Number of protein chains: 6
Amino acid sequence: MDSVHISELSWPVYDEKVRDGRTMVLLPIGALEQHGPHMSMNPDVLLPTAMAERVARKIGALVAPAIAYGYKSQQKSGGGNHMPGTTSLDGLTLTSTIKDVLKEFARHGVRKVAMVNGHFENSMFIAEGVDLAIRELRWDGIRDFSVVVLSYWDFVTEETIREIYPYGFPGWAVEHGGVLETSLMLHLHPHLVDMSKAVDQPAATFPPYDFFPTKPHWTPCSGCLSSAKPASAAKGKLLLEVCVEGISQQLRTAFD
Amino acid sequence: MDSVHISELSWPVYDEKVRDGRTMVLLPIGALEQHGPHMSMNPDVLLPTAMAERVARKIGALVAPAIAYGYKSQQKSGGGNHMPGTTSLDGLTLTSTIKDVLKEFARHGVRKVAMVNGHFENSMFIAEGVDLAIRELRWDGIRDFSVVVLSYWDFVTEETIREIYPYGFPGWAVEHGGVLETSLMLHLHPHLVDMSKAVDQPAATFPPYDFFPTKPHWTPCSGCLSSAKPASAAKGKLLLEVCVEGISQQLRTAFD
Amino acid sequence: MDSVHISELSWPVYDEKVRDGRTMVLLPIGALEQHGPHMSMNPDVLLPTAMAERVARKIGALVAPAIAYGYKSQQKSGGGNHMPGTTSLDGLTLTSTIKDVLKEFARHGVRKVAMVNGHFENSMFIAEGVDLAIRELRWDGIRDFSVVVLSYWDFVTEETIREIYPYGFPGWAVEHGGVLETSLMLHLHPHLVDMSKAVDQPAATFPPYDFFPTKPHWTPCSGCLSSAKPASAAKGKLLLEVCVEGISQQLRTAFD
Amino acid sequence: MDSVHISELSWPVYDEKVRDGRTMVLLPIGALEQHGPHMSMNPDVLLPTAMAERVARKIGALVAPAIAYGYKSQQKSGGGNHMPGTTSLDGLTLTSTIKDVLKEFARHGVRKVAMVNGHFENSMFIAEGVDLAIRELRWDGIRDFSVVVLSYWDFVTEETIREIYPYGFPGWAVEHGGVLETSLMLHLHPHLVDMSKAVDQPAATFPPYDFFPTKPHWTPCSGCLSSAKPASAAKGKLLLEVCVEGISQQLRTAFD
Amino acid sequence: MDSVHISELSWPVYDEKVRDGRTMVLLPIGALEQHGPHMSMNPDVLLPTAMAERVARKIGALVAPAIAYGYKSQQKSGGGNHMPGTTSLDGLTLTSTIKDVLKEFARHGVRKVAMVNGHFENSMFIAEGVDLAIRELRWDGIRDFSVVVLSYWDFVTEETIREIYPYGFPGWAVEHGGVLETSLMLHLHPHLVDMSKAVDQPAATFPPYDFFPTKPHWTPCSGCLSSAKPASAAKGKLLLEVCVEGISQQLRTAFD
Amino acid sequence: MDSVHISELSWPVYDEKVRDGRTMVLLPIGALEQHGPHMSMNPDVLLPTAMAERVARKIGALVAPAIAYGYKSQQKSGGGNHMPGTTSLDGLTLTSTIKDVLKEFARHGVRKVAMVNGHFENSMFIAEGVDLAIRELRWDGIRDFSVVVLSYWDFVTEETIREIYPYGFPGWAVEHGGVLETSLMLHLHPHLVDMSKAVDQPAATFPPYDFFPTKPHWTPCSGCLSSAKPASAAKGKLLLEVCVEGISQQLRTAFD
């Protein structure tokens, strides 16, 4: 009954681990969002969870239950929130969830949390939730609570990018349902990918502005913003290793 | 790549299933809450999820990603929110989460949702979230969206209660970390239970009022409100069957 | 110009009573809700107010102005919020009202408050309001403010239940507009009851789940969930005495 | 069992009266606020309630349960919210209460509501609550719901002012706990006034700005902003008649 | 690069000025609101800004960027929020803006702020924003932060009123788009006034209550509540001098 | 009295321009934020306002009053919200402001709005405000209201980047108080820049995560994230022309 997952610990075991504030908690934050016809709708939660588990084992941290619903998909990074299946929260709801959960961990004694984000659109609402939690904790006299906010793709090295995208890197913005996520899913959850459904398409291009309500014709019919065809489990393995290594290394010293 | 779990479907498959409004969606709602020294902190999310999966298979429904954090543990039904490990949301946060998610399902075409609750304290905030979602959907001209709200223990029959608790039923209120939840976990997730840590204790008794802030000494040291000792995997199997059968039967006609 | 009602005191008299924190304040919380064709719509506020007055006199406490509007009537305990006359608040509104009022009493010096609830559906929103008030008071450095939350019917003893319901107790859930409330009103406010309009009906039965929006045909036409016919002023007198005695006894020691 | 008070009607009687939208509902809004050493803290709720009852009888309207807690006392019109006994709501709480209650009346069929205000500081938060209710009702397709917002002192005629204040009218701003309210209370609720405690003091004067946090020394020690000494039950009777007459007359045609 | 405007300072210069808490900050609060056919829609922001600049120079204070959008125009003081061009915030939005900005100034070290209001309807929402800011600052241990809230017209002396309105003063309430604002604009921003479009009309009269939704026919067609015809730049110059002098004088000692 | 600024129009002129929905409104959104020792704190509001004015003249649009306070400065793009002078709003406050203002423009008849953002951190909260406005307008039956959200730097062409940064482009992220903003300010508002105070510093580098609360030593002492030394008015002129041209061109067809 030992586990890196907080949810799988009994309370006395968890309490023992966190009450002195030294154990870090990793909190994966995802989304339920369409990722094309070739993939399930949960990569944004499964991928940061997988990374958090591996990082936690390497650095002696714990993993909190993932937040499964995220902020609204934006058209230029996720296809848009008009798509079927995409299931999103208002900004305030996500912000409040993060605020509440962080304050509870602080009550338990936790002083170091790393938010492991898997859904681009969450970023600013995570930042706001963290800021509000720190504010209220300060009102409770807790001034040594710190939070790292990271998105896993920011740990893919330039070298890896060149290896994964030998034909040219389209940019993270259009990597929605593309090579990055599909490769990682092929490696980690192959039964949730069906490459026969992957659409060969050029990377989506957009004007230099956002438009509301979304213009559905801007989003490729597949819902993906670039082609998943070049994805492979081997690439996924490499990406996972690079991210886990990079995140672990950074978190080891981030709170010093 | 077929699944009862929405998160495991690609969006075109999901879209096909729900856009005409006939497929029901089951939404498990749990908590991260201490459940004594003998059990992990996730029964409130694992148990309704397990039931939702089985019900979904029986009646042709889908299961949405569970809501993993719930409302604050109350002392007389969950030991209280001062306990280590228990990690809760403010009422408004939970209500908003439910409102937002329901509205998204409605946008996809879903017209029938059953909230499968595993954490007693969630009930009224679920009701409020449902009410607010229905209100806003009405403003969007959607008037045929309906929601069942249920807690799985309400489907344990009188007969089963007599079988499970031959020595007398203490009431659901004190079944926190007791025979019901422990038996179900022993059957479904035995690696998350360590019966050697189960404490033999009488059912907790409380005065006929609630007190805030909690009086820690009211809660038994274990965090459980009754003894898990009489729990068994066999009882868990029975309880699971009874609940799955009862919920399935009710949901088959609830939306008629 | 002395009174148990805060509202009927001048501020210097009130100030003298509460500034040292020893005097308890009782805060009745009700609803404006249909209670059948034989009764006015205010029992949920009149009954806890009547009890609070009597308790206050017995134990030297004060009674704050009642909160006259409550949370939405639920179909299985109050007939449902689609009924004419029922006039309810959103959960957050009730919670905020309670939070604000409690913080003000704390500012005056009050340290002991008992919420005397007369409307079942209020319970969790009262709990949340109390929790939020205590949180903010803690931020103001006030850490000795405590609150009892009670519903008066929880003080009806088993013995009294047997006496009042010789033919069998249907459960508090369906006591909406039934013997309990009608008897108390007949004793306390007989001009607000017209027994000639009381409907003879079996106790309502419901499936083991809630449904939204309400299914109007689930609610008996009268709006009552059980028959008020067996009600009497004598039963009301007994119930009042038992509740006042029980509440007084508990409150005398609750804050020790 | 007939009454101008909604709370004292059974639901079928109320339903009959309001469902066609022709009956007006009067909603008194007050405060729990210090009013000097010579008077109880409830004039702001008792006085508009008394007027609403009388107006309702004259024009065939109904009176809803009063809102007993109001917005924060401002120093230049109510002595300030630092005073003992004054028990106030945040602006949003009051606004939300009004919004919720108005929407419920509209659901019942009511189309004409008059808010009868007894506490100066409530005014803008009432206006906001009304505006938000009308907005949401519009979203529900209800476009014929109208609301009058009035404060009773605005119906005291110039002639009456000259009669009541032969020595010069200090202005409504400093009439807090002064001749107006005290006279009305002497007429309506003499047991809640003790003229022997009334302080003889000049009308308070203030600089042409507000200051936060309040400067306690700006408020006269009594908490009153002008002297109640010239108050009398006879003046109260006159004021009541003038207000009831003026309000009735205006409301008769306001909704045409 | 020196300026009374905070926005025109570099941060080290600003920091030097405010970090010891001695420099006062003036915060103009306006509205975007119709002011008749003869005038631009920004007097409510330009006029308090102009005064704040002049006051700041006289007393050594700084001026913060004005809040350009205000609370909803009320029919009896601003023509009503149904008018074209009038662009308003919900009460909570304005309150939150003020709360947030004040807390930031306090973080910089500022301890004295004067809110210079130019839009009547803002007043109570400013008061609420200030109250909430002070509350949260108190939770941060900041207890010496004070705020003056003023509306510039309250500094027009009786003598000046007699001079400006020799034919009788209609009251500030109907001075919307009238002599006061038009004269000040003619003096300060003559290119934003076209007196040939000024309408000669009697001062608007209203019943002693507010009505929602607004009754458009209550508002004169021009949108002004009184005639701007008697306005002149000379009157504007006088009004500006009187207000600047009065505000400066009061602010010099308000925080002692 | 004609102007591209809405605030400088009388209401009948504005009404004439917008009521048929054909005229586009540009809404600049900025911040009050430190931009180094060599520059005032208002570039984020002055620059989008300047561009909006020029774009409006080219394409026949109107400019609404700028929103002067923005979301919290993030350390890796703005130096962090711990810096003196930086004065920010909570996310919900900014979101609500945008929602409210957009709904008002829609009420006037406007159907095309372009948000011209000058502060990176605003982006997601603008998106949320726009989404919420569109939702509520839909509830009001307005379904043809569209919004472009743009940040002006996204219109700087690759060619211009090469020209402005011959020594290599550090990326927009660290362009806070650097060449882009300083050059534009030198061209547009030279009196608000003092190049003698510009610090020569390498572009800031950060780890691939955010940290809360900010680590002050991460931010260069100047508050700038890259050197403003290479800035010039000529570069500013070029940048302004390129942005105005690019934005105008895009907006001409964006709403087709």
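The values are calculated or read from the model by the stated rules, or taken from the named source; none is laboratory data. Predicted model, so just to flag it, every value in this text is computed and none were measured. Note that we place each Cβ from the backbone using ideal geometry, even for glycine, and neighbour counts take in every protein chain shown.
Scanning region D:25-47 for residues that are more than 7 Å from every other protein chain (Cβ to nearest Cβ), among the hydrophobic types (A, V, I, L, M, F, W, C) and farther than 19 Å from C:E33 by Cα yields D:I29, D:A31, D:V45, D:L46, D:L47.
Scanning region B:238-252 for any residue that is under 24 Å from B:I59 (Cβ atoms), surrounded by fewer than 22 Cβ atoms within 10 Å (Cβ to Cβ), over 17 Å from the mean Cα position of the chain (by Cα) and away from chain C (no Cβ under 14 Å) turns up at least one such residue.
Residue check: C:L186 meets all listed conditions (1) in a helix (DSSP H, G or I); (2) within 26 Å of C:V63 (Cα to Cα); (3) under 15 Å from the mean Cα position of the chain (by Cα); (4) not aromatic (F, W, Y) but one, namely (3).
Scanning region E:23-32 for any residue that is buried (at least 24 other Cβ atoms within 10 Å of the Cβ) and among the hydroxyl-bearing types (S, T, Y) turns up nothing.
Taking each residue of region E:186-205 that is away from chain F (no Cβ under 14 Å) and looking for partners that are part of a loop (DSSP other than H, G, I, E, B) and modelled with pLDDT of 95 or more with beta-carbon atoms closer than 6 Å, six or more apart or interchain, yields E:D200/E:S227; E:D200/E:K229; E:Q201/E:P220; E:Q201/E:S227; E:A203/E:S226; E:A204/E:P220; E:A204/E:L225.
The set of residues from region C:203-212 being assigned to a loop (DSSP other than H, G, I, E, B) and either among the hydrophobic types (A, V, I, L, M, F, W, C) or touching a Gly at 6+ places or on another chain (Cβ under 9 Å) (or both) comprises C:A203, C:A204, C:F206, C:P208. Looking at this structure, is E:R135 among the charged types (D, E, K, R), out of contact with any Asp or Glu (no Cβ under 8 Å at 6 or more places or on another chain) and outside any loop (DSSP other than H, G, I, E, B)? Yes; evaluated as a whole, the condition is true for this residue. Consider region C:138-148 and keep the residues that are of a type outside the set (S, T, Y) and outside any helix (DSSP H, G or I). The one that is farthest from C:F255 (Cα to Cα) is C:D140.
C:F145: more than 24 Å from B:L94 (Cα to Cα), among the aromatic types (F, W, Y) and within 12 Å of chain D (Cβ to nearest Cβ), yes or no? So C:F145 fails the test. Can we say C:L89 is crowded, with 23+ Cβ neighbours inside 10 Å and under 17 Å from C:D44 (Cα atoms)? Taking the combined requirement at face value, the residue satisfies it.
Please find, within region B:62-118, the residue that is farthest from A:T93 (Cα to Cα) out of those that are without any contact (Cβ under 8 Å) to a residue 60 or more places away in the chain, touching a Phe, Trp or Tyr at 6+ places or on another chain (Cβ under 7 Å) and part of a strand (DSSP E or B). Among them, the one singled out is B:T87.
When A:V130 is tested against (1) facing another protein chain (nearest Cβ under 9 Å); (2) not in a helix (DSSP H, G or I), just one condition goes unmet, and that condition is (2). Taken over region C:119-158, the criterion of being in contact (Cβ under 8 Å) with a residue 12 or more places away in the chain and of a type in the set (F, W, Y) is satisfied by C:F120, C:F125, C:F145, C:Y152, C:W153, C:F155. Within region D:6-20, the set of residues being at the interface with another protein chain (Cβ under 8 Å from one of its Cβ atoms) and not in a helix (DSSP H, G or I) comprises D:L9, D:S10, D:R19. Restricting B:S226, B:S183 to those that are buried (at least 16 other Cβ atoms within 10 Å of the Cβ), more than 16 Å from B:M51 (Cα to Cα), in contact (Cβ under 8 Å) with a residue 12 or more places away in the chain and hydroxyl-bearing (S, T, Y) reduces the list to B:S226. The combined condition, being touching a His at 6+ places or on another chain (Cβ under 9 Å), among the aliphatic types (A, V, I, L, M), surrounded by 23 or more Cβ atoms within 10 Å (Cβ to Cβ) and more than 13 Å from chain F (Cβ to nearest Cβ), is fulfilled by E:A56. As a summary of the residue check, D:F120 satisfies the conditions (1) under 21 Å from the mean Cα position of the chain (by Cα); (2) of a type outside the set (S, T, Y); (3) at pLDDT below 95 except for the one numbered (3).
When the residues of region F:96-106 are narrowed to those that are touching a helix residue (DSSP H, G or I) at 6+ places or on another chain (Cβ under 9 Å) and within 9 Å of chain E (Cβ to nearest Cβ), which ends up farthest from F:M24 (Cα to Cα)? This residue is F:S96. Quick one: would you say A:D210 is surrounded by fewer than 20 Cβ atoms within 10 Å (Cβ to Cβ) and of a type in the set (D, E, K, R)? Considered against the rule, which asks whether it is surrounded by fewer than 20 Cβ atoms within 10 Å (Cβ to Cβ) and of a type in the set (D, E, K, R), A:D210 comes out as no. Taken over region D:59-77, the residue count meeting the criterion of being more than 27 Å from E:F125 (Cβ to Cβ) and surrounded by fewer than 21 Cβ atoms within 10 Å (Cβ to Cβ) is 2. Looking at region F:149-191 only, could you name the residues that are of a type in the set (D, E, K, R) and within 24 Å of F:S40 (Cβ to Cβ)? If the condition is that a residue be of a type in the set (D, E, K, R) and within 24 Å of F:S40 (Cβ to Cβ), then F:D154, F:E175, F:E181 are the ones that fit.
The residue list F:V193, F:V174 contains one member that is modelled with pLDDT of 95 or more and of a type outside the set (S, T, Y), which is F:V193.
From the list F:E175, F:E163, the lone residue that is surrounded by fewer than 21 Cβ atoms within 10 Å (Cβ to Cβ), away from chain A (no Cβ under 11 Å) and at negative phi is F:E163. Residue count for region F:9-21 satisfying the condition of being closer than 25 Å to F:S151 by Cα and either crowded, with 24+ Cβ neighbours inside 10 Å or within 24 Å of the chain's Cα centre (by Cα) (or both): 1.
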